[in-house]
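Heads up, the thing below is written out as C-alpha cells.
The values are calculated or read from the model by the stated rules, or taken from the named source; none is laboratory data. Remember, it's a predicted structure, so these values are computed and weren't measured experimentally. Glycine gets a Cβ as well: all are built from the backbone with ideal geometry, and neighbour counts include every protein chain shown. When the accessible area is computed, the model is the full protein with side chains, heavy atoms only, and any ligands, DNA or RNA have been set aside. Shrake-Rupley method; radii C 1.70, N 1.55, O 1.52, S 1.80 Å.
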2 protein chains.
Amino acid sequence: MLRMSSLFVRTLREDPADAEVASHRLLVRAGYIRRAAPGIYTWLPLGLRVLRKIERIVREEMEAAGSQEVHFPALLPREPYEASGRWSDYGPTLFKLKDRKESDYLLAPTHEELFTLLVKDMYSSYKDLPLSLYQIQTKYRDEARPRAGVIRSREFVMKDAYSFDVDEAGLDASYAAMRSAYQRIFARLGLPFVICSAVSGAMGGSRSEEFLFPCEIGEDAFVRSAGGYAANTEAVTTVPPVEVDSSSFGQPIEIVTPGASTIATLVDAVNEAAPKPDGLWTAADTLKNVVVAAVHPDGKREVIVIGLPGDRDVDMKRVEAALAPAEVEMATPEDLEAYPELVPGYIGPQAVGPQSARPAEAEPPAPRYLLDPHVARGSRWVTGANKPDVHVVGLVYGRDFEADGSIEAAEVRAGDEAPDGSGPLEIAKGIEVGHIFQLGRKYAKALGLSVLDENGKSRTVTMGSYGIGITRVLAALAEENHDGRGLMWPASVAPAHVHIVAAGKDDSLYAAAEEIAAGLEADGVEVLLDDRRKVSAGVKFADYELLGVPFGVVVGRGLAEGRVEIRDRAGETIEAPIEQVRERVGELVRSALSAQS
Amino acid sequence: MLRMSSLFVRTLREDPADAEVASHRLLVRAGYIRRAAPGIYTWLPLGLRVLRKIERIVREEMEAAGSQEVHFPALLPREPYEASGRWSDYGPTLFKLKDRKESDYLLAPTHEELFTLLVKDMYSSYKDLPLSLYQIQTKYRDEARPRAGVIRSREFVMKDAYSFDVDEAGLDASYAAMRSAYQRIFARLGLPFVICSAVSGAMGGSRSEEFLFPCEIGEDAFVRSAGGYAANTEAVTTVPPVEVDSSSFGQPIEIVTPGASTIATLVDAVNEAAPKPDGLWTAADTLKNVVVAAVHPDGKREVIVIGLPGDRDVDMKRVEAALAPAEVEMATPEDLEAYPELVPGYIGPQAVGPQSARPAEAEPPAPRYLLDPHVARGSRWVTGANKPDVHVVGLVYGRDFEADGSIEAAEVRAGDEAPDGSGPLEIAKGIEVGHIFQLGRKYAKALGLSVLDENGKSRTVTMGSYGIGITRVLAALAEENHDGRGLMWPASVAPAHVHIVAAGKDDSLYAAAEEIAAGLEADGVEVLLDDRRKVSAGVKFADYELLGVPFGVVVGRGLAEGRVEIRDRAGETIEAPIEQVRERVGELVRSALSAQS
C-alpha cells in the first residue's frame, strides 16, 4: 500500500516554466518525473510504477508473440557501427566518447548492429530460424531539440525487437506477428493509435509502418481517410489523374512575361496575353520546375529537375523519401553553373530530361527530369521557356515533352483522394509510439550474418526491426488522459487503482480509511491512502485529482451515517454504504482492468 | 515454459580464451552472457532470467525495509560531480563525454550527488525525514583492469540506496535497517557472506561495512576470527602490547654495522657486537623507519616517518586508510633532499618527531614521527643512528624517544589477535557484493541539503549510502554454485526450477515429457524442456549439467516400465513411477524455494 504520509512525492500547484505540453506539466507537477538535465529525466516512485506497468504489458505481449528477451549494453564500441555506416550517418545525434585507452565508444541509439552480430555469433543454420529477440533498454540520442518532457528526451527507454528469417515469406510472417502484438499492446495500454504506412528512411528496407498516437501536439504529420487509410505524408502515393485527350489542343506559344515573378502574376499575365480557349488559366495549370541536388551515399552529387503543378508546394520530406537513401537539398547557384540552359525563374521541361539539347556524352549530362504524378499525360501547361522573361503556354505532356520518371514531390493536401480509394484525406498530427520495419538484408550483409540453407548453401539472413518508445508511451498516455485538474490514468497502467482520502480531522475517519484500504489490498486492489493528518481536505482532493488514480474513495462527513463517496476520476461520484465499499470498488477496478486485458 | 528447441542459447564445450575464473567460463559456455567489448557484456535469455530474479529479491527486501524505488539517468551533467569533487577525484575511472553543445557529461559511477539534489529539491522539513530511496540501475566505471566477466565489468547493474536523517541516531537506525535487509537478501540468494568492518575511503563518513562473499578468486583480502570478528585489513586495529618495564635496561650504544643492508644481516651484526643481555636480538627487535609522502586534498605534500617492527612489512593500503583523505606514496629522493638528517638505510627516531634537532621554526619543520601500535612503551630497539653504517642498540621508546602519534601501518598476519579478543585472525579473500556506509554530511554539505528542525533551525541532513552489485552477485552465485560439469543454481534465482530431458528417439518419450512439463507448469513450477529431436541424449545430459537448473527429470528407457529419473543437480538421482513425478518434483522445488524465502 502506498501512503501519502510517507510516499516520496511533492505535488506542485504551479506549472514548471519549461513545460509546453500538458503531459509534461502534469507529470512534473504530480511528482512522476523530475528533470536532471536538458532532455534527461529522473523517475520518481509514482512515475516508475507506471513505467514498469507499461513495460510489463509490452513484455507479456512480446513473449506471447514468441520473442525472447535479452539485454545489450548501452556503451558500445565503434567498430560495428562503423561497419554499418551509422557511426557517421547518425551525425551529432550520436553520443560518442573515448575510454581510458582512447578507444572510441558510443551510447547506442538503437541496436541493429549488436543483434545482428549476436545472432551471427550464435547461429549458423536455417534450422535455427525464424528467431525473434527483444530488449527493454535505455537508449541515448543527443536530440538537437529535446522537447515535451519524456516525449523527446535524450535518455529514454525503448523496447526494440528484431526478427531473423531466411526468406521474404518468413520476414513477412515475422512482421505480421509483431504488427499484431503491437495492436494488442496499444489496446491493452488504452492508447489510441493509427497505423501509418511509412517509408523506412535511413534504416533502409522495404516495408515500414508507424504506430502513431493522434494528438494535436504531435510532431509527425500524417494523413488518413474516413475509410481507414493512414500514412505518413512521405508515404502517400498520388492517385494518378486520367490521361487527357490532347488531340484538339493547339500548338504551344511563347509569351513575354516581364515582372511575372510569382505564380499569381504569371497567371494574370497569361490570361491577358494568351487566354485559355475554354476558361481561365489558374495556378493549377502552371508547371513549376524545381531544381534539387541529391547527395548519394557514394558522395556523388546529382542535379535533378522536378516538375509539379504550380498550385502545390514541393514537400522536401516527400522528395527525400522518394530519392532515399540520397539526401536532398535545394540546388545552389554553384550547382546551376554547369547548366546555363536552366534560367532561374523560367525553367521549362524542354531544357531537361529526354528533350534536352545537351548531347548525351556531355559532362555533366542533362539533369534527370522527374514529374510529380499530378501531371497527367496529355494535359497542357503554362511553364518556363528557358529564356529570361519568357513563358510558354499550352505545352502538352507526352506531345511536347517527356520525363525520365515520376516522383512523389508535391505536398499532400486535405481533400486529396486516398490512394486506396477510401475517400478524401484529412491531415492530422501524431506522436510516433511504435515503428515496425522490414530491414531486409542491409545489416546482415554489412556484418556478414548468413546461415546455411537446406542445400548447404550460404544465405544472407533477412531482418525486421520493431520499436516501441516506452517512456514516450507513458507521456502519450498522460497526454491522452488528463483534464484541467490533473492526470487520469487508465487502470492498466495507473500507479494505484484506488486513491482513498480521509477527509477531516476525526480519528474515526482514519481508522475507517485504513480498514477500507486493508480490505481492498487483501482483494488484490492497489491502494494509495492519503493518511496525512495535518493536510486539509481541499489539498487532498486536489492531489487526488492531480495524481490521476482512476478511482477514489472519500471517507468524510458521511461516515457518521455510515456512508462514503466512491469517485470515478473520469466520471461521476456516488455515495455508498461503507459496508459495500470493498465489493463495489473492487468490482469497478476489476471491470476497468478486464476491459483492457 | 522454456524449450531447448527454440531457446536462444548455444552451449559451448570449450572454455572461452579470455576467461580465468570458473563463473566467467561457465556463464559464457552455458549461454548466459556474451562479451560485447572489454568488460562489457550482453545478457542472453537465461542470464537475464537469473538477473531479474536477483533484482526481485533485492527489491522485495528494500521495499520491506521502507525504501522507495526511483530511477536516475546514467547520463549526467558535470556540475553536481564538480560540486562534490568527484568529477576530478574519480580520475580515469569516470567515463566523460560532451554533448552536441560541448557541455560536459559523465556516465554515473554511483549517484550520491543526484539523490542529494533530488531530496533537496523535494523536501524541506525534518517532518519529511527519515527517508530511504533506492534504485536498480546501470552504472559505468572505466576500470583499469576489468576482470572475471561480470565480477568487475565496466557497465554493470547496481542497487544503490540512500538514507536521509536529521541526526546521528536517525542515521544509526537507518543504517541498522539496511544492514538487516542486506542480511536477509544474501540469505535468500543463498550466497555465503561475511560482514567486514571497513574504512570508508574516498566516500568519506564514519561507519562502513562490506558484505564479502568469501572465495579464493576474490580481490579483497580480509581477516576473520573463529569468534566472529571480520574486517578489511585496512580496518583491523592492533591489540596494544602491554607496556614494558624498562627500569633495568642499560643505555643505548652505537655500533658500526658496515654491510648490514638487510634486517637479517643487521640482526647478525648486532648479536655479534652487542649481545642482548637475556637472549638474542631478532628481527622483531629492530625498529624500521619508513618515510612516506602524504598528499593532502589541498595539494600539500607532507613527509612522514613511520616506525614499526622490522619483522613486519608496511601495508600501504592500511597506511593510506589511516591517513585518509590524503593519498600516500613512498617518499622520493626529492622529498628527502630537504632532510639531510635522514640517512637512507640508517634512519632512527632520534632525528624525527619530538626529539628532532631541527628548530621548531625551520622550514620545512621536522617530519612527523608516527609509531605502529606494535611498538610498546618501554620496549627496547635496534634501529638506525642517522649516520652511515651506524646503528643504535637498546633504544627505549618513552625513555630515549617519543612519537607524534600512532598509526596502523604494519601488515596484519594470520595468527594476530582479533581486536575484540575473539581469537587469532585468519586471512581470507572475498568478493565485495555489498557495501553500507554512513556518509554523514559530506554530500549534504557540498550540495546544500538541509531541512528546518522543530525549532525552525536549518540542519544539514546526514546520509547513508548502501550498494549491492547485482551483476556481481550473479557471478558470485555462479562461483559458489558449480562443479566440474557446470553451474548449479540455488532455486531462488535459477532460470528454471526443473530441466526435463526427453532422452531417446521414441515419440512416446516426448509426449510423456510434454505431459510432465505441462503438469508442473500448471503447479507453478518453471520448466525448461529439452524437446530437441535430433540431439543425442549425451549432449542433452551435458547441457543439463552445464546450464545448472536445480532439478532434472529424465524421460528415457525406463518409461516402458512407467519409470522416470528425478535428478538433483547437486545431489542424487532417484527413479520414480511417472505418475508420482508431478507431486514429487513439485515438492522438491517448493521445499528448495521455501528454504530460501
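So in the range B:78-104, with the set limited to residues that are facing chain A (nearest Cβ under 10 Å), of a type outside the set (Lys, Arg) and open to solvent by 20 Å² or more (accessible area, probe 1.4 Å), which one is farthest from B:Asp160 (Cα to Cα)?
B:Ser103
Within the range A:485-506, is there a residue that is more than 30 Å from A:Ala542 (Cα to Cα) and of a type outside the set (Asp, Glu)? Among the residues of the range A:485-506, not one is more than 30 Å from A:Ala542 (Cα to Cα) and of a type outside the set (Asp, Glu), which makes the answer no.
Results for (1) of a type outside the set (Phe, Trp, Tyr); (2) open to solvent by less than 70 Å² (accessible area, probe 1.4 Å); (3) more than 30 Å from B:Gly85 (Cβ to Cβ); (4) part of a strand (DSSP E or B), shown as yes or no for each residue.
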site: B:Phe213; (1), (2), (3), (4): no, yes, yes, yes
site: B:Ile217; (1), (2), (3), (4): yes, yes, yes, no
site: B:Val223; (1), (2), (3), (4): yes, yes, yes, yes
site: B:Val242; (1), (2), (3), (4): yes, no, yes, no
site: B:Ser246; (1), (2), (3), (4): yes, yes, yes, no
site: B:Gly250; (1), (2), (3), (4): yes, yes, yes, no
site: B:Glu254; (1), (2), (3), (4): yes, no, yes, yes
site: B:Ala269; (1), (2), (3), (4): yes, yes, yes, no
site: B:Pro275; (1), (2), (3), (4): yes, no, yes, no
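Evaluate the range B:362-385: report whether one residue or more is closer than 20 Å to B:Thr265 by Cβ, among the β-branched types (Val, Ile, Thr) and surrounded by fewer than 22 Cβ atoms within 10 Å (Cβ to Cβ). No, because not a single residue in the range B:362-385 is closer than 20 Å to B:Thr265 by Cβ, among the β-branched types (Val, Ile, Thr) and surrounded by fewer than 22 Cβ atoms within 10 Å (Cβ to Cβ).
Filter the range A:6-24 for residues that are open to solvent by 70 Å² or more (accessible area, probe 1.4 Å) and either outside any loop (DSSP other than H, G, I, E, B) or touching a residue at least 12 places away in the same chain (Cβ under 8 Å) (or both); which is farthest from the other protein chains (Cβ to nearest Cβ)? Filtering the range A:6-24 for residues that are open to solvent by 70 Å² or more (accessible area, probe 1.4 Å) and either outside any loop (DSSP other than H, G, I, E, B) or touching a residue at least 12 places away in the same chain (Cβ under 8 Å) (or both), the one farthest from the other protein chains (Cβ to nearest Cβ) comes out as A:Glu20. In the range A:26-43, is there at least one residue being crowded, with 20+ Cβ neighbours inside 10 Å, within 11 Å of chain B (Cβ to nearest Cβ) and more than 25 Å from B:Glu79 (Cα to Cα)? Looking through the range A:26-43, none of the residues is crowded, with 20+ Cβ neighbours inside 10 Å, within 11 Å of chain B (Cβ to nearest Cβ) and more than 25 Å from B:Glu79 (Cα to Cα).
Residue by residue, here is whether (1) aromatic (Phe, Trp, Tyr); (2) touching a Pro at 6+ places or on another chain (Cβ under 7 Å); (3) at pLDDT 95 or above; (4) over 21 Å from A:Gly562 (Cα atoms) holds:
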residue	(1), (2), (3), (4)
A:Lys505	no, no, no, no
A:Tyr510	yes, no, yes, no
A:Ala522	no, no, yes, yes
A:Asp530	no, no, yes, no
A:Glu545	no, no, yes, yes
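Every test in (1) touching an Asp or Glu at 6+ places or on another chain (Cβ under 9 Å); (2) open to solvent by less than 10 Å² (accessible area, probe 1.4 Å); (3) within 11 Å of chain B (Cβ to nearest Cβ) is passed by A:Pro130 save one, and that test is (2). Of all residues in the range B:142-169, those satisfying the criterion of being within 11 Å of another protein chain (Cβ to nearest Cβ) and either closer than 17 Å to B:Phe95 by Cβ or acidic (Asp, Glu) (or both) are B:Asp142, B:Glu143, B:Ala144, B:Arg145, B:Pro146, B:Ser153, B:Arg154, B:Glu155, B:Phe156, B:Val157. From the set of residues in the range B:401-415 that are over 24 Å from B:Ala324 (Cα atoms) and surrounded by fewer than 22 Cβ atoms within 10 Å (Cβ to Cβ), which is farthest from the chain's Cα centre (by Cα)? Across the range B:401-415, the extreme among qualifying residues is B:Gly415.
Note on the range A:375-395: residues that are touching an Asp or Glu at 6+ places or on another chain (Cβ under 9 Å) and in a loop (DSSP other than H, G, I, E, B) amount to 4. Quick one: is B:Ala542 in contact (Cβ under 8 Å) with a residue 24 or more places away in the chain, closer than 20 Å to B:Asp483 by Cα and small (Gly, Ala, Ser)? When the stated conditions are applied, B:Ala542 passes them.
Just one of the listed residues (A:Leu107, A:Leu51, A:Leu75) is closer than 22 Å to A:Thr11 by Cα, out of contact with any Gly (no Cβ under 6 Å at 6 or more places or on another chain), within 11 Å of chain B (Cβ to nearest Cβ) and aliphatic (A, V, I, L, M), namely A:Leu51.
Could you count how many residues in the range B:278-293 are surrounded by fewer than 21 Cβ atoms within 10 Å (Cβ to Cβ) and not charged (D, E, K, R)?
Total meeting the criteria: 8.
Inclusion of B:Glu112 among residues that are more than 26 Å from the chain's Cα centre (by Cα) and more than 11 Å from every other protein chain (Cβ to nearest Cβ) is not warranted. Residues of the range B:125-148 that are assigned to a loop (DSSP other than H, G, I, E, B), out of contact with any His (no Cβ under 6 Å at 6 or more places or on another chain) and in contact (Cβ under 8 Å) with a residue 60 or more places away in the chain: B:Leu129, B:Glu143, B:Pro146.
Suppose we keep only residues that are over 24 Å from A:Thr233 (Cα atoms) and basic (Lys, Arg) within the range A:432-486. Which one would you say is surrounded by the fewest Cβ atoms within 10 Å (Cβ to Cβ)? For the range A:432-486, the residue satisfying everything is A:Lys457.
Among residues of the range A:314-342 being open to solvent by less than 30 Å² (accessible area, probe 1.4 Å) and in a loop (DSSP other than H, G, I, E, B), the one that is nearest to A:Gly384 (Cα to Cα) is A:Leu342. Under 30 Å from B:Arg25 (Cβ atoms) and either touching a Pro at 6+ places or on another chain (Cβ under 8 Å) or touching a residue at least 40 places away in the same chain (Cβ under 8 Å) (or both) - does that describe any residue in the range B:172-182? Checking the range B:172-182: at least one residue is under 30 Å from B:Arg25 (Cβ atoms) and either touching a Pro at 6+ places or on another chain (Cβ under 8 Å) or touching a residue at least 40 places away in the same chain (Cβ under 8 Å) (or both).
Can you work out which of the residues in the range B:60-72 that are more than 7 Å from chain A (Cβ to nearest Cβ) and of a type in the set (A, V, I, L, M, F, W, C) is nearest to A:Arg154 (Cα to Cα)? Residue satisfying both the conditions and the ranking: B:Met62. Of all residues in the range B:149-175, those being farther than 29 Å from B:Ile40 by Cβ and either assigned to a strand (DSSP E or B) or open to solvent by 50 Å² or more (accessible area, probe 1.4 Å) (or both) number 8.
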